[in-house]
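Heads up, the thing below is written out as structure tokens.
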Amino acid sequence: MAAIPVAAVSAAAWAAICGLAGIGVFVTIGWVLNPRAGDGLSVPIESAGLVWCASHHAGISVDGATITLLPVALLIIPLSLLRIAGRWAARITSVQGWVDHTLLVVAGTTAYVLIAFGVSQLCDLNGAAHVSTAMTVFWSALIGSSGLALGILAAKGGWRQVWTYVPDDVRPVLIAAAAMALALTAICAAIGAVAIVMNWSGVIGLSRALGTGVTDVLGIFVLSCVYLPNFLVWVLGYISGVGVVIGGGATASVFSVSGGLLPSIPVLAAIPADPGRFAPLLVVLPALAGAVGAIVLHKRFTFELRDGILCLLSASAVVAFGVLGSAWLSAGSLGAERLSYLGPKALLTALAVFALTACGATAYTLITFIVPALRARDTADAVTP
């Protein structure tokens with residue numbers, strides 16, 4: 001059985017090296033295909049380090065422009081690698097009990113933070129770039145501990161094992177919240193796809209303005225893919241009625257688009273200049289997601305009216321907390337002026353989603369309770385001579 005600290009440090013180092021190497025391969029390919037391939041080998045190496053730091057959501061300053069709007073999808077890279085590493089470390093050390101598990105996570109996270117800190121300090125593109133030290137330490141610690149904990153969890157039985165410890169009163173809340181979250185995701189994906197199709201010419205026009213070469217098109221496609229989760233959260237902010245803030249004071253929502261010109265980012269061309277007379281009706285869609293959660297809940301469980309409403313309100317609160325975190329991660333800066341802040345207002349979006357999903361879930365619950373009660377009373381009246 002390997003010593004816990006040794007296994008933890010080895011797991012953290014393996015996850016970091018694999019992440020850097022994997023990102024380095026793609027960065028190097030782009031560097032070779034780019035006309036600036038004569039800049040020197042240090043450029044792709046340090047660029048890979050910067051992208052790796054960005055995958056941990058650490059803010060980067062390049063030539064005076066601060067970039068904190070980072071792709072949420074990139075978080076999958078370190079989390080997946082750390083999960084694999086944590087699972088290996090848990091198996092090779094045969095850890096038992098929460099004390100050993102905690103020691104493994106703490107030791108591995110400490111090593112991972114030190115590696116991330118070193119990478120952030122070494123990769124500066126000859127002074128042209130700077131990675132936020134505070135964000136590097138915070139996010140590498142959070143991601144490192146989460147990834148290693150998920151790996152240990154996988155080694156000890158996975159989510160099924162965790163589900164057995166969830167109280168019976170909490171399970172309906174989580175099931176309804178999961179149904180609401182999936183419904184919201186599907187709705188946002190559908191609305192986003194329709195918006196892009198309806199404004200396809202504008203999206204293509206802005207894409208061509210950024211470049212028409214093979215590497216340009218490929219780069220735009222890859223960026224669009226990694227920013228897809230951010231885009232879905234933006235759509236949720238849009239249809240919730242709160243809107244999306246787009247630098248320079250511009251705000252876009254189902255009610256209006258005002259405050260100035262939108263930045264020349266291809267996906268922003270999907271936002272209609274005039275939402276239209278029926279666009280405010282889109283705020284009903286989050287309420288439908290709440291109704292979906294109520295439908296799933298009532299099909300799997302039987303509740304009294306009061307308990308059912310309380311359960312659904314709790315589920316809406318869980319979804320709102322998830323939206324709060326997602327909106328916070330999906331917003332940030334890409335530069336100055338019109339790129340100073342892009343994304344939804346996290347707190348207001350979360351509150352709006354809570355209110356809308358709660359209304360939809362409560363309305364469905366009341367209907368399913370009142371209608372049968374009225375039918376039963378009418379039947380009783382008809383039978384009574």
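Laboratory data are not the source of any read-out in this text; all were calculated from the coordinates shown. None of the values given here were measured: they were computed from a predicted structure. Glycine also receives a Cβ, built like all others from the backbone with ideal geometry; neighbour counts cover every protein chain displayed.
Structure above, values below:
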{"read-out": "Gln121-Asp169 pseudo-label distance in nm [points 7 Å out on the Cα-to-Cβ vector]", "value": "5.0 nm"}
{"read-out": "Average Cα contact separation per residue, the chain, under 8 Å, 6 or more apart, as relative contact order %", "value": "19 percent"}
{"read-out": "Residue order, fewest to most surrounding Cβ atoms within 10 angstrom, among Thr164, Thr66, Thr349, Thr368", "value": "Thr164, Thr368, Thr66, Thr349"}
{"read-out": "Of Asn230, Asn199, Asn126, the one that fluctuates the most in a GNM where the chain has Cα springs shorter than 10 Å", "value": "Asn126"}
{"read-out": "Computed helical MRE - 222 nm, the chain, DSSP H runs ≥ 4 contributing -39500 (n - 2.57), nearest 500", "value": "-23500 deg cm²/dmol"}
{"read-out": "Global form of the chain, assessed from the alpha-carbon gyration tensor, a/c cut-off 1.5", "value": "oblate"}
{"read-out": "Which of Ser10, Ser140 has the fewest Cβ neighbours within 10 Å, and the rest in rising order", "value": "Ser10, Ser140"}
{"read-out": "Calculated FRET value between Leu281 and Phe138, using beta carbons and R₀ = 30 Å, to 0.05", "value": "0.15"}
{"read-out": "The chain: angle of helix 228-239 to the longest principal axis, Cα-based, in degrees nearest 10", "value": "40 degrees"}
{"read-out": "Acute angle (nearest 10 degrees) that the helix 76-93 long axis makes with the longest principal axis of the chain, alpha-carbon atoms", "value": "80 degrees"}
{"read-out": "C-alpha long axis of helix 171-198 to longest principal axis of the chain, angle in °", "value": "70 degrees"}
{"read-out": "For the range 171-375, share of DSSP beta bridges that run antiparallel, in % to the nearest 5", "value": "100 percent"}
{"read-out": "Residue-span extension gain [Ala21 to Trp98] - 0.36 nm each, minus C-alpha spacing", "value": "24.4 nm"}
